[in-house]
Amino acid sequence: QAKSKGKACYEFFDIDMHFNAVKRLQLETDLRVALKEGELDVHFQPVIDLTDRTIVGFESLVRWNHHEQGFINPLDFIEIAEETGLIIELGKQVLTRAIHEISRWRQQNEKFSQLYVSVNLSPKQLENPELTNDIFSLLSETKLPAYCLKLEITESILIDNFDVAKKVLNEFNNAGIEIMLDDFGTGFSSLSYLHHFPIALVKIDGSFVNNMFQEATDLAVIKSVKILASGLDMEVIAEGLETEEQFSKLKQLNIEYSQGYLISKPLSGEEITQKLSTGSLNW
Ligand code: C2E
Ligand code: MG
Ligand code: MG
Ligand code: MG
């Protein structure tokens, strides 16, 4: 009896795995088409200066409105893109879009000339020998100053690919493109290696901000990251800002910047253009 039940479970599991594999393959095929047809979109989330609440820049976040499944979580299709190599094309499209948008926005008003856009880079992109050339070409095509583009990477890139990361990140840094360390606190957080890399900004993962009043350790992490960053001459961005209480606390801790639903969710390019047309950087 137990044996036959076990077998039934096994078969069920097998079908389930098969189903997932088929679904994944279909998604890969669809993603390939979407990239070819230019169906991916990019949204932009404002980042504010916590001292005066003004917008200093925008994070680019890829969006895919699948014809059958609707909006798919970027983390799901980025994983597939990363595994299939499609991330190179995806990344190029996001970089191109982001750089062109920020070029237009900063020309809308003299007050906007210091605004930047940040772009998330995956490990495969950083290993792509054409990345630096692609980015420098985009900057010269659009005549965008290097300080208007920032690149977000995660800790795992630094650990898994120390030498390549160091070389490429130094090239960007020497050209004036600042590097941000994303999702800080969620990885290994072996802080000792950070000084090997030219990191200008550390982004504290939203999960810490989310729980800062419920979990003493999360508040402790935020405080420690701020102390560490100051010691290494880096600035801090707190992600996932959702309440006024969090805003006040982060400001009190002298965290420099923040982003989150309290200020704005990620918006389409057209929505950002419209908001900026008011001439204000206080939304
Ligand atoms: P991330 O880079 O850490 O981006 C922040 C995520 O937090 C975004 O999710 C954003 O929509 C979400 N978020 C912003 N404010 C709040 C808030 O107040 N509360 C909460 N709960 N969430 C907030 P999203 O857009 O779903 O992106 C998820 C992840 O996918 C990103 O995390 C990033 O790792 C990756 N990703 C997105 N776009 C790209 C891309 O173009 N290239 C690469 N390589 N990765 C990307
Ligand atoms: Mg990011
Ligand atoms: Mg992040
Ligand atoms: Mg995150």
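The figures follow:
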{"quantity": "Test result for residue 162, of a type in the set (Phe, Trp, Tyr) and open to solvent by less than 30 Å² (accessible area, probe 1.4 Å)", "calculated": "no"}
{"quantity": "Region 171-187 - residue that is away from ligand 2 (no atom under 15 Å from the Cβ) and outside any helix (DSSP H, G or I) and, of those, surrounded by the most Cβ atoms within 10 Å (Cβ to Cβ)", "calculated": "177"}
{"quantity": "Which listed residue, of 194, 131, 144, is closer than 20 Å to residue 226 by Cβ, more than 16 Å from ligand 2 (Cβ to nearest atom) and open to solvent by less than 40 Å² (accessible area, probe 1.4 Å)", "calculated": "194"}
{"quantity": "Residue 113 of a type outside the set (D, E, K, R), more than 16 Å from ligand 4 (Cβ to nearest atom) and open to solvent by 40 Å² or more (accessible area, probe 1.4 Å)", "calculated": "no"}
{"quantity": "Out of 102, 88, 78, sole residue that is among the aliphatic types (A, V, I, L, M), outside any loop (DSSP other than H, G, I, E, B) and away from ligand 1 (no atom under 12 Å from the Cβ)", "calculated": "102"}
{"quantity": "Residue list for region 81-109, filter: closer than 19 Å to residue 274 by Cβ and not polar (S, T, N, Q)", "calculated": "97, 98, 100, 101, 102, 104, 105, 106"}
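Matching residues to (1) farther than 27 Å from residue 174 by Cα; (2) touching a Phe, Trp or Tyr at 6+ places or on another chain (Cβ under 7 Å); (3) surrounded by 15 or more Cβ atoms within 10 Å (Cβ to Cβ); (4) not basic (Lys, Arg):
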{"position": "206", "(1), (2), (3), (4)": "yes, no, yes, yes"}
{"position": "210", "(1), (2), (3), (4)": "yes, no, yes, yes"}
{"position": "229", "(1), (2), (3), (4)": "no, no, yes, yes"}
{"position": "237", "(1), (2), (3), (4)": "no, yes, yes, yes"}
{"position": "242", "(1), (2), (3), (4)": "yes, yes, no, yes"}
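The values are calculated or read from the model by the stated rules, or taken from the named source; none is laboratory data. In this text, all values refer to a predicted model and were calculated from it rather than measured experimentally. Here Cβ is always computed from backbone atoms with ideal geometry, including for glycine, and neighbour counts include all displayed protein chains. When the accessible area is computed, the model is the full protein with side chains, heavy atoms only, and any ligands, DNA or RNA have been set aside. Shrake-Rupley method; radii C 1.70, N 1.55, O 1.52, S 1.80 Å.
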